[in-house]
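**Q** After the structure tokens below, expect a handful of questions from me.
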Amino acid sequence: MTTVAADTVAATVTARTEPKSGKAANRRRPAPVRIIAPVVVFVLVMAGWYFASHYLIAAESRFLLPGPDEVITEGLLDSAVRAEILSALGSTVLVALSGLVIAMVLGVGFAVVMSQARWAEYSLYPYAVILQTIPILAVVPLFGFWFGYEFGSRVIVCVMVSLFPVVTNTLFGLKSVAPAEHDLFTLHGATRLQRLLKLQLPTALPAMISGFKISGGMAIIGSIVADFFFRQGEPGIGRMIDVYRQRLATEELLTALLLSSLAGLILFWVFDFLAGRVERARRR
């Protein structure tokens, strides 16, 4: 099958699977609502937090749940605390991104192999499920014994916790191609590689990005968990959280938790933005 014919078939499949733009536009919420709604929820949560801290908890126990105003003044606005937390958070994010990239490459690769041969899916997929069910807290110390307590071991933890969503979502996307579209490529004599590159991977791209969104947050969690156990090398946010816990420094602890959550949220937003761009490109 020539490249021109393959492109023609791919364009035909895209035209057939293109959603109705009018219906999609009707289902889409206006942009102001997408911004105002979470802001309102955020304000309500902050108000509830402030009320609980200042009016429901006794003054002598308020250190257990300081108000958002205290967290801001003693955590975010304190230059020494902020610099300490941001430095640790930078180390954690670097580990998480490294593990996430490796998980994305491995996950997509395994999914492609499994989508091309049923025996490969039967051989590999059960172990992907087992990998997801292994208690991470039980195996993290073993990684330290086997690979040391530095950067590499933390990356391995992130890969382990973030690999499964990439594999499952990519495999689902690759297998979600309609039989009629496969028949169209078969009719034009498409090779296995042409079918993969021009039909299966473009169809699977939205599902792949959904897996990346899930794995991004899990990679941050994996990096923090590794920090709790691996106490050598550059300190990450997990070690700082443990230090603040021991000091009963609740303001700094909550600041570290909020900023680490923000890092995961930013990763989610990045992949969500990519998903929107992909969806718009598919509609053209």
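**Q** Do me a favour and compute the ellipsoid semi-axes for the chain from its Cα gyration tensor, root of five times each eigenvalue, largest one first, whole Å.
**A** The answer is 43, 26, 14 Å, longest axis first.
**Q** Let me ask something else. Any chance you could run the full-extension gain for V101 through V113? It's 0.36 nm times the residue separation minus the Cα-Cα distance, nm to one decimal.
**A** Going from the current span to full extension adds 2.5 nm.
**Q** Along the positive direction of the dipole of the chain (beta-carbon charges: Lys, Arg +1; Asp, Glu -1; about the Cα centre), which of N169, S61, G217 reaches farthest?
**A** The residue sitting farthest along the positive end of the dipole is N169.
**Q** Can you tell me, using C-alpha contacts under 8 Å and at least 6 residues apart, the relative contact order of the chain as a whole percent?
**A** 27
**Q** Could you quote the convex hull projected area for the stretch 186-284, Cα atoms only and averaged over all directions, in nm²?
**A** 9.3
**Q** Rounded, prolate or oblate: pick one for the stretch 47-151, where a ≥ b ≥ c are the square roots of the eigenvalues of its C-alpha gyration tensor, a/c under 1.5 means rounded, and failing that, prolate if a/b is larger than b/c, else oblate.
**A** Prolate is the answer for the stretch 47-151, as a/c is 1.5 or above and a/b outweighs b/c.
**Q** Calculate how large, on average over all directions, the projected area of the Cα convex hull of the stretch 116-259 is; give the answer in nm² to one decimal.
**A** Mean orientational projected area (the stretch 116-259, Cα hull): 11.0 nm².
**Q** Provide the packing ranking of 254-266, 70-82, i.e. peptides ordered by the mean count of other C-beta atoms within 10 Å per residue, highest first.
**A** 254-266, 70-82
**Q** Report, to the nearest whole %, how much of the accessible area of the stretch 40-99 belongs to carbon and sulfur atoms, 1.4 Å probe, protein only.
**A** 73
**Q** At what distance in angstrom do the alpha carbon centres of the stretch 218-284 and the stretch 87-110 lie from each other?
**A** If we compute the Cα centre of each part, the gap is 12 Å.
**Q** Counting only C-alpha contacts under 8 Å and six or more residues apart, can you give the relative contact order of the stretch 223-262 as a whole percent?
**A** Across the stretch 223-262, relative contact order equals 31 percent.
**Q** Please report, in debye to the nearest 20, how large the charge dipole of the chain is about its Cα centre when each Lys and Arg carries +1 at its beta carbon and each Asp and Glu carries -1 there.
**A** It comes to approximately 1500 debye.
**Q** Any idea of the accessible area per residue across the chain, 1.4 Å probe, to the nearest Å²?
**A** 56
The values are calculated or read from the model by the stated rules, or taken from the named source; none is laboratory data. Here the structure is a predicted model, which means the values were calculated and not measured. We place every Cβ from the backbone using ideal geometry, glycine too, and count neighbours over all the protein chains shown. These area figures cover heavy atoms from the full protein model, side chains too; ligands, DNA and RNA do not enter into them. Shrake-Rupley method; radii C 1.70, N 1.55, O 1.52, S 1.80 Å.
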